[in-house]
Amino acid sequence: MKSMDKIVSLCKRRGFLFQSSEIYGGVQGFWDYGPLGVELKRNLKDAWWHDMIAGHNELIQPATAPTTFEMVGLDCTIIMHPQVWKNSGHFDLFCDQMIDCRESKKRYRFDQVRGRWCEAKDQKVFVTTLAEQEQEADEVRRRAMKFFKFRPKDADKLTVSDESITLDQLDNTTDVLGPDAKKLDSLTEPREFNLMFKTTLGALGGEDDVTFLRPETAQGIFVNFKNVVDSSRVKIPFGIGQVGKSFRNEITPRNFTFRSREFEQMEIEFFCHPDTSQDWYRYWRDRRLAWYKNLGLSDDSLIMREHHAEELAHYSVGTADIEYAFPFLPEGEYGELEGIAHRGDFDLRSHMEGKLDPSTNPMTVELNEKGKPKYRGSGKDLSYRDELTNEKFTPHVIEPSAGADRGVLAFLCEAYTEDEAPDENGNMQTRTVMKLHPRLAPIKAAIFPLVKKDGMPEVAKEIYGTLKDKFNVFYDEKGAVGRRYRRQDEAGTPYCITVDTDTLKDQTVTIRDRDTLEQTRVKIDDLLGDLESRIGSA
């Protein structure tokens, strides 16, 4: 099992991720990407955009598409008309259950507080903790010992269950010791908490000026459906892709960047004929899973999980989650990496006609106290007419929705490796290496002069200048070459190029492969093409 503590430590040490506003104590649920992290995230988004949008038909797909299709892009605003969120269902239904502790005055998300049953002195209590998975069992035992007023010598009098469960799996919270409480039964009943961030438009800031930061990028695509069809003349089936920031006021953001309050999404809304929507759903589900595997996530760490009927969102006809075995989760558990949802025609119809009443499912227009529509639609015709058959219909939508931040986290966790490698003296040492796919690696190659004399730095800098036009490369002449290798291993750099004494004789350099440690000689004139081939074929 990989250590999440080690991964987080490396991310800060090497400049992948920093806590937002760290010098002021930080802001929970917000993260800043450092020099390496911003390159990794940009590479992930670029790979997604090319493979899914700009070059969607270039790659061999894991399944045959039902027919040819087109893809285009959008970049929509973060703040939209508040009516958008009323008709999308977010205003009423985008909620999590939260609980409050009457003793500590703290608030928690109901389904994220974990614990174990503990028994002693003929009493059975459920002891909770917010500790990470690696420390959970020890922390539960420590809190239980304190609750029962046991000394270390009394440890054998306490029984702690092996099973870790969350609060929402309990019948009640009467016998629960809250995460920051000293007494039982301090937790309130769970209640709904809307996750959207409120803000105001204009200078007055009155009730009529309230709007929200978008909780997802999808709605910007739906309200622009007609604009895209009319301006670009795409024909169904086609998809609209968007990469952008979203915001959710999470009750308890946790697990590094897995659950944050500000995050970036990579979403596609794929519009198709209702009769073919199930085929397209299966196509996008399989294609998105294969994409993660092609970029280096292992079969053992990934699963595809179809939602049960009771799990489905109010808009969903069917949903499958691509899930990853993040190290902070208990062994055998997976966390959502991407969801592929069959949204039916819910979104276009709701923006045409009004709010969907989830209790009855028909499209309804509710009236306010003045008898006027409360959740009115736009009134715009968002249906589609096929020019060949003259058929008019409301398209169905398949939505592959990926989190860029969760994607970065998954690839960081997958890449983190500890193995044995020889140092400059030939002695085997443990090394930490980030085995990132070359397409994702922040730095593609590092260039070293073996020593800082005999003309080697001049040649190395010339190579650096040549490669810099094509790739993000790094020049380093400080310290022993073995230590320079180790620094690049931790940064995930797939290739290191060394200029040595033979370079001055025959104009060749050594390329060292990060993963295999194999070293080969390549002519300087062939170096650019060699790197392009290595990265392109990886």
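Please treat every number below as a calculation from the coordinates, not as lab data. Model, not experiment: these values are computed from the prediction. Heads up, the Cβs are rebuilt from the backbone with ideal geometry, glycines too, and the neighbour counts pull from every protein chain shown.
Applying a DSSP loop filter and a limit of 12 other Cβ atoms within 10 Å to the GluC sites (Glu not before Pro) in the range 392-439 leaves E424. The base-10 log of I(q)/I(0) for the range 455-538, evaluated at q = 0.19, 0.23 Å⁻¹, reads -0.87, -1.35 [Debye formula, identical scatterers on Cα atoms, solvent excluded]. Of the residues T211, Y324, G379, the one whose Cα sits farthest toward the positive end of the charge dipole of the chain, with +1 on the Cβ of Lys and Arg and -1 on the Cβ of Asp and Glu, is T211. Compared with the direct C-alpha span, the chain from D506 to D230 gains 93.3 nm at full extension, assuming 0.36 nm per residue. Note on the range 399-446 and the range 125-203: Cα centroid distance 35 Å, given to the nearest whole angstrom.
The residue among G73, S88, Y108 whose Cα reaches farthest toward the positive pole of the charge dipole of the range 62-188, with charges on the beta-carbon of Lys, Arg, Asp and Glu, is Y108. For the range 139-291, the Cα gyration tensor yields ellipsoid semi-axes of 47, 24, 14 Å (square root of five times each eigenvalue, largest first, whole Å).
Helix-derived [θ] at 222 nm for the chain: sum -39500 (n - 2.57) over DSSP H runs of at least 4, divide by residue count, nearest 500? Provide the component values of the computation, followed by the final result.
Values: 14 runs with 145 residues, N = 538.
Helix contribution divided over all residues of the chain: -8000 deg cm²/dmol.
Partner lysines whose Cα lies under 21 Å from the Cα of K435, excluding those fewer than 8 positions away in the same chain, are identified as K2, K6, K12, K41, K45, K293, K444.
Counted over all Cα-Cα pairs of the range 1-75, pairs farther apart than 15 Å make up 70 percent. On the beta carbon distance between D185 and D275, with R0 = 60 Å, the FRET formula returns roughly 0.60.
Please give me, ordered by residue number, the trypsin sites (Lys or Arg not before Pro) of the range 442-538 that lie in loop per DSSP and have at most 16 other Cβ atoms within 10 Å. Passing both the DSSP loop test and the Cβ count: K452, K453, K470, K478.
The chymotrypsin sites (Phe, Trp or Tyr not before Pro) of the range 1-94 that meet both conditions, a loop assignment by DSSP and at most 16 other Cβ atoms within 10 Å of the site Cβ, are F30. Is the shape of the range 97-193 best called rounded, prolate or oblate, per the rule: a/c under 1.5 gives rounded, else a/b larger than b/c gives prolate, else oblate, with a ≥ b ≥ c the square roots of the Cα gyration tensor eigenvalues? It is prolate, given that a/c is not under 1.5 and a/b is the larger ratio.
For the chain, a simple Cβ point-charge model (Lys and Arg +1, Asp and Glu -1, everything else neutral) yields a dipole of about 1500 debye relative to the Cα centre. The antiparallel fraction among DSSP beta bridges confined to the range 97-193 stands at about 90%.
Taking the DSSP bridge list for the chain and keeping only pairs wholly inside it, about 85 percent are antiparallel.
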